[in-house]
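Scroll down for the structure; my scribbles are underneath it.
What follows draws every value from the coordinates through simple rules; no lab data is involved. If you're wondering where the values come from, they're calculated on a predicted model, not measured in any experiment. Here Cβ is always computed from backbone atoms with ideal geometry, including for glycine, and neighbour counts include all displayed protein chains.
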């Protein structure tokens, strides 16, 4: 089990590094596009499409790591005012709802990706790309996000522990 846990941790780190690379490449593309325009040349037609793909991939690759690090957005001001037992029950309910939402997105996005692959549908944003390439990271990422919420549900850790302590250890 420890071997699977370490492999999963490495996969999370790889996804995070992939997100970092994607956002850096998007930055480079935008800078190059601006300089080309400043030099009065015609910019590449595919830059916008690649940036749009990149933003989705960046989001999907980084999301599971962000949930692990408790860096996602949630409001805990109301929860902190509740009694400890109510906080505990509410947290477990939130985890179950999050897992169910992830499972829905996994099912729906997998279905879309398979349909796009089987139909050979193309996405035309400057350059024709197979649509399934845009959709593939969605079910994978939501599966990993569901695993993270499952860890909160069955584990001793909670989303509501101090997030500043977690960030200092990163």
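One table, with the values for the structure above:
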quantity	calculated
Ordering of 26-34, 2-10, 95-103 by burial proxy (mean other Cβ atoms within 10 Å per residue, highest first)	95-103, 26-34, 2-10
Residue 25/residue 74 FRET efficiency (R0 22 Å; Cβ-Cβ; nearest 0.05)	0.15
Between region 1-74 and region 104-141, the alpha-carbon center distance in angstrom	18 Å
Förster radius 25 Å - calculated FRET efficiency between residue 121 and residue 100 (Cβ-Cβ, nearest 0.05)	0.30
Value in Å of the Kirkwood radius, where region 84-139 supplies the Cα pairs that are averaged	13.3 Å
Ratio Rg/Rh, restricted to the chain and using Cα atoms, in which Rh is the Kirkwood radius	1.06
Length released on extending from residue 150 to residue 82, taking residue separation times 0.36 nm less the Cα-Cα span	22.2 nm
Contour excess over end-to-end distance, with Cα ends at residue 2 and residue 41 and 0.36 nm allotted per residue	8.5 nm
